[in-house]
Each structure stands twice: as C-alpha cells, then as structure tokens.
1. Out of the residues in the stretch 221-273 that are in contact with a Phe, Trp or Tyr (Cβ under 9 Å, 6 or more places away or on another chain) and of a type in the set (S, T, N, Q), which is farthest from L122 (Cα to Cα)?
2. Is it the case that V207 is at pLDDT 90 or above, over 30 Å from F71 (Cα atoms) and surrounded by fewer than 21 Cβ atoms within 10 Å (Cβ to Cβ)?
3. Quick check on my filter: what residues within the stretch 14-64 are assigned to a loop (DSSP other than H, G, I, E, B) and farther than 14 Å from F98 by Cβ?
4. For the condition exposed (fewer than 13 other Cβ atoms within 10 Å of the Cβ), at pLDDT below 90 and more than 16 Å from the chain's Cα centre (by Cα), what is the one hit in A303, A280, A270?
5. Tell me which residues, restricted to the stretch 84-96, are among the aliphatic types (A, V, I, L, M) and surrounded by 21 or more Cβ atoms within 10 Å (Cβ to Cβ).
6. So which residues in the stretch 283-299 are crowded, with 17+ Cβ neighbours inside 10 Å and among the small types (G, A, S)?
7. Quick check: anything in the stretch 126-136 farther than 30 Å from G67 by Cα, of a type in the set (A, V, I, L, M) and out of contact with any His (no Cβ under 6 Å at 6 or more places or on another chain)?
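The values are calculated or read from the model by the stated rules, or taken from the named source; none is laboratory data. Only a predicted model underlies this, so the values are computations on that prediction, with no experimental measurement involved. Backbone-built Cβ (ideal geometry, glycine too); neighbour counts: all protein chains shown.
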Amino acid sequence: MNPQFLMDGLIAGAMIGLGAIGVTLTYSILRFANFGHGELLSWGAYLALAVSGGLGLLSTSLMRPIGPFSFGWSLPLAAIIAILLTGLLALAVDAVLFGRLRARGSAVIILVMASFGASLALRSLLEFLFTSKPAYFTKALQIAMPMGAGLRATPDQLLSLGIALLAVLAVHLLMTRTDIGRSMRAVSENPALAGIAGVDVRRVIRVVWMLGAGLACLAGIMTGLLVQIRPYLGHDLLLPLFAAAILGGIGSVPGAMLAGLIVGLSEAAAVQLVGAEWRAAVSFVILVAVLLFRPRGLFGRPA
C-alpha cells in the first residue's frame, strides 16, 4: 500500500472535520439533522470565488501568488467576506424556514424534511447562478514536496491542514473559555432551563448558525482550492460529514475533527485497497457501525 494515502486521508479528513463541527453544533442546539448543511460548503466556495474575482479586477496585484502558494491575497480577503456572507445566508434560511417551523412547534421530522427542501433549493440556485461547469480559484500547478517516509504534499495542502487544525482549536476554546460558549453548552443540555436561567436562547441559535456556516464556508473554500469548485461539492461530502459528526459524538468539537480524520483516512485506505468506486461506501459503513455499537460516539455523553 502506498503510504501517500496517509497524507491524502489527513487532508480530506480535516475538511470533513471542519464541516462536521457545524453539523454537530446544529444538532446539539436545535435538535434536528440539517441535511442542507452541505450546501453551505458549496455556497461558501462560490462566494469566495466571486469576491476573489472581483478583487482581482480591482487590483491585479492581489492575484499574484503569495510565496510558495498558488493563490494571491485576493483569496484570503475573499474568504473573510465569504465567511460573513455564508453566515448571513444561514441566518436567512433559519429566519425564513426553520425559525418559523420551530415557532409552530413542528415535529423533528418536519424540520428534517424541510432541510432536504432547503438543500435542493440552494443547490439549484447555485447551479442557476454559476452553471454546473467546474471552476477553480487558480489554474497554477504545484509540485508536491517530499515530506519523508514516502509522503508528499503541496504548500496549499499543508496550509489547509494547518488552518483546519487552528480553526478547531479556536472553536474549542470558544466553547470552553467564553461566556457564549458556556451559554451554548447550557442550551445544548436543556434549552428551557437555560432560558429560565437568563441565557438568551435566540442569540445562541444565531451564533450557532453563524459559526457552523463559517466553518462550512472555510471547508468549502479549502476543498475548492485543493480540488475544484462545483455545485455538488457540499452535497457529495454530506454523508462523510454526518458520519464524522456521529462518530465524534454529538456536541463534541474535538470529537468531530478526530472523527473527520478517521473518516478521511478510512476513505483513502479504501481507495488503495478496493478501488475508488468504494470510497463513498466507507462513510456509510462507519455510520451504521457507530449507530449499532456506540450510538453516543467517541466523545458523546451517555443519555
């Protein structure tokens, strides 16, 4: 087996872990599985692409590659704007759809089905605006650098892996060391009791949407940078995202990232062992195995 699968799996797993954090936070606070979460990855990537292109038109110097990387300063600047816009998109979807259903006291299955509808609508709108043709942040080619032990990686891949790990650390510190993080954990434990204790539940919900969407946007941008951007980018990652969220334990940020790495490595190993056509089945097998043998995941709390 080629040891390169370890590097490929770690990089793919880091992107899965970032997206899975949004899934696990949404479920722990709002108590439903949001199947539209994958579309936030796609929207984040396309928004960054559009903003980056606009900045490049204003100043071509912003498109000049930074050091060993394939992109210029237009992409980091566009990423910041895209994260904010993706967060606003998530808030808009919640205000128009999920918030109204919660106010009516709709059953969980209604919220889940509504998320399917939101996913389809967002993906169709994305295809209408940008077409189905793959897009790229840059056409520059990078040569993978030897890392030792038969492993190779490009500067973009190493940067993406580092950013993903730093983002997870930042979210973990936010959840454990800040007032809003403690409020989020309180709402996750008991929304009604948290509200009685003075926690602004609506504010917590807004923060969760912004945080989850921002991380999804970041994952989408880095996935698009390393591979390509297309409307089905997030949809194709949806099953791995849920597998990682459940394996890591609902509500656990470090667990989601660790599980994402496990899913990514498992998929990369499957490609080496049985072929790329079985890659998608790995996440499903992991998901079923966790639900059967350890439903609370690696770091989830027992009921």
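1. Restricting to residues being in contact with a Phe, Trp or Tyr (Cβ under 9 Å, 6 or more places away or on another chain) and of a type in the set (S, T, N, Q), the top hit is Q272.
2. Working: at pLDDT 90 or above: yes; over 30 Å from F71 (Cα atoms): yes; surrounded by fewer than 21 Cβ atoms within 10 Å (Cβ to Cβ): yes.
Spelling it out, V207 is indeed at pLDDT 90 or above, over 30 Å from F71 (Cα atoms) and surrounded by fewer than 21 Cβ atoms within 10 Å (Cβ to Cβ).
3. S59, R64
4. A303 is the lone residue from the list that is exposed (fewer than 13 other Cβ atoms within 10 Å of the Cβ), at pLDDT below 90 and more than 16 Å from the chain's Cα centre (by Cα).
5. Within the stretch 84-96, A90, V93 meet the criteria.
6. Matches in the stretch 283-299: S283, G297.
7. The answer is yes; a qualifying residue exists.
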